[in-house]
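Below: the structure, in structure tokens.
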Amino acid sequence: MPTPSKPSASYTTVATPIGELTLVASETALTEVHFPRRFGRGSQVPRGDNAILARAAAQLAEYFAGNRTSFDLPLEMGGTDFEQRVWSLLREIPFGATLSYGDLARRLGTPKDARAVGAANGKNPIPIIVPCHRVIGANGDLTGFGGGLETKRWLLVHEGALLV
């Protein structure tokens, strides 16, 4: 019996107020979002379009226009069981709210794992849609973010979670 082939992936770019984002998706799920200049030039993923990329681009446009507070997209995120648990909790942080790494660790039932939560947060392959930007330091400080702290600040101000 032949092995089923994995759905092929393609990418597209979308202009946003925080710069051009690169979206990667298979025919069945969004798999990656890259901040400007973060998508590898040596990538084997071809430029293209499919229904998932079109939906993701449309929903991001609505988000940046202030007309969307959550995303409704099929996602496929590789990662360890722990990373999957952290990423699932990220999706539960409401628009306009923030949590600390320690808060997330407590919600996981592992209160001493704030650093591990931070590491998993940093490996999130679908930022913004899986809102890792909503995680801040225990003292309220903005901490590391793949898109840069100014981008994190912009996203939190946009959502009303951080005052200008």
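FYI, it's all coordinate maths here, none of it is from the lab. Just so it is clear, the structure is predicted and the values come from calculations on it, not from any experiment. Please note: Cβ atoms are built from the backbone with ideal geometry, for glycine as well, and neighbour counts cover all protein chains shown.
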Taking each full run of DSSP H in the chain as one helix, which ones are at least 15 Å long along their axis (Cα atoms) and have mean Kyte-Doolittle hydropathy of at least 0.0? 51-64
By count of other Cβ within 10 Å, fewest leading, how are K123, K152, K112 ordered? K112, K123, K152
Stretchable slack from N139 to F95, in nm (0.36 nm times residue separation minus alpha-carbon distance): 13.8 nm
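Given axes a ≥ b ≥ c from the Cα gyration tensor, I'd like to know whether the range 110-157 is rounded (a/c under 1.5), prolate (a/b larger than b/c) or oblate.
Working: a/c = 2.15, a/b = 1.33, b/c = 1.62.
Oblate.
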Per residue, how big is the convex hull around the C-alpha atoms of the chain? Give it to me in cubic angstrom, could you? 126 Å³
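Taking a ≥ b ≥ c as the square roots of the Cα gyration tensor eigenvalues, with a/c under 1.5 meaning rounded and otherwise prolate when a/b beats b/c, else oblate, which class fits the range 10-64?
Working: a/c = 2.23, a/b = 1.10, b/c = 2.03.
The shape class here is oblate.
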